[in-house]
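Student: Got a structure for you, questions after.
The values are calculated or read from the model by the stated rules, or taken from the named source; none is laboratory data. Everything quoted here is computed from the prediction, not taken from an experiment. Glycine also receives a Cβ, built like all others from the backbone with ideal geometry; neighbour counts cover every protein chain displayed. The accessibility values were calculated without ligands, DNA or RNA, using every heavy atom of the protein model including side chains. Shrake-Rupley method; radii C 1.70, N 1.55, O 1.52, S 1.80 Å.
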Amino acid sequence: MLKRLERLISNVASRCVITATATKEKCQMLGIELMAADPKENIEHLEPYGFTSVPHSGSEGLAIFPDGDRSHGVVIVAADRRYRLKGLKGGEVALYSDEGDYVALHRGRVIDVVTQTLNISASTAVNIDTPILTCTGDVKSQKDISDKTGSMAKMRGTHNDHDHNEHDGYITLKANQKME
């Protein structure tokens, strides 16, 4: 009886290696191999609300079998030490990918976003409230750009259509170099 109880307790949790993922269902399903070379299929991967990821084959996890019966379990955490972001300080938090992209919340209230292309889609507005905005590359816009005194389109129109009152009553010609 004591041996049976010991076996049930030891079957409650196990490290595992993820061998497959299925992401189309409401709950992501995993194929896993338990540490004793015991393969299991269609194991639910319970993820924290608001976060999801698809672990690569070879990732590690912790499988829980609530009643000690290994016929129905759940993976409660999956990790992949091959890609984990290293060097964070105590209290820092990061999201990262296997391609080297990351969002890191650092000490001193600094947030780093590192990627090749960052797309932001907002149907109403993107608001940036900061005293200084620095850009090291070109700024391009599909629409007009404005500040508190007017728009760039208005500035171009004024430049291209202006003339000067010169001495002796002469008025210069319109600008011969148009602003595009």
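Student: Six or more apart or on different chains, Cβ under 7 Å: which pairs go from a residue in the stretch 145-161 that's among the charged types (D, E, K, R) to one that's outside any helix (DSSP H, G or I)? Could you list them?
Tutor: Taking only residues 6 or more apart or on different chains, the pairs are Arg156/Met179; Asp161/Lys174.
Student: Could you list all residues from the stretch 121-136 that are over 21 Å from Val110 (Cα atoms) and not hydroxyl-bearing (Ser, Thr, Tyr)? Give the derivation first.
Tutor: As a first pass, look at the stretch 121-136 and keep what is over 21 Å from Val110 (Cα atoms): 121-125.
Passing the criteria: Ala122, Ala125.
Student: Can you tell me which of Ser146, Ser71 is closer than 30 Å to Ala37 by Cβ, of a type outside the set (A, V, I, L, M, F, W, C), open to solvent by 80 Å² or more (accessible area, probe 1.4 Å) and modelled with pLDDT under 95?
Tutor: Result of the check over Ser146, Ser71: Ser71.
Student: Hey, another quick one. Given the options Met179, Met155, name the one that is at pLDDT below 90, outside any loop (DSSP other than H, G, I, E, B) and not charged (D, E, K, R). Let's see the steps before the verdict.
Tutor: Working: Met179 fails: outside any loop (DSSP other than H, G, I, E, B).
Answer to the selection: Met155.
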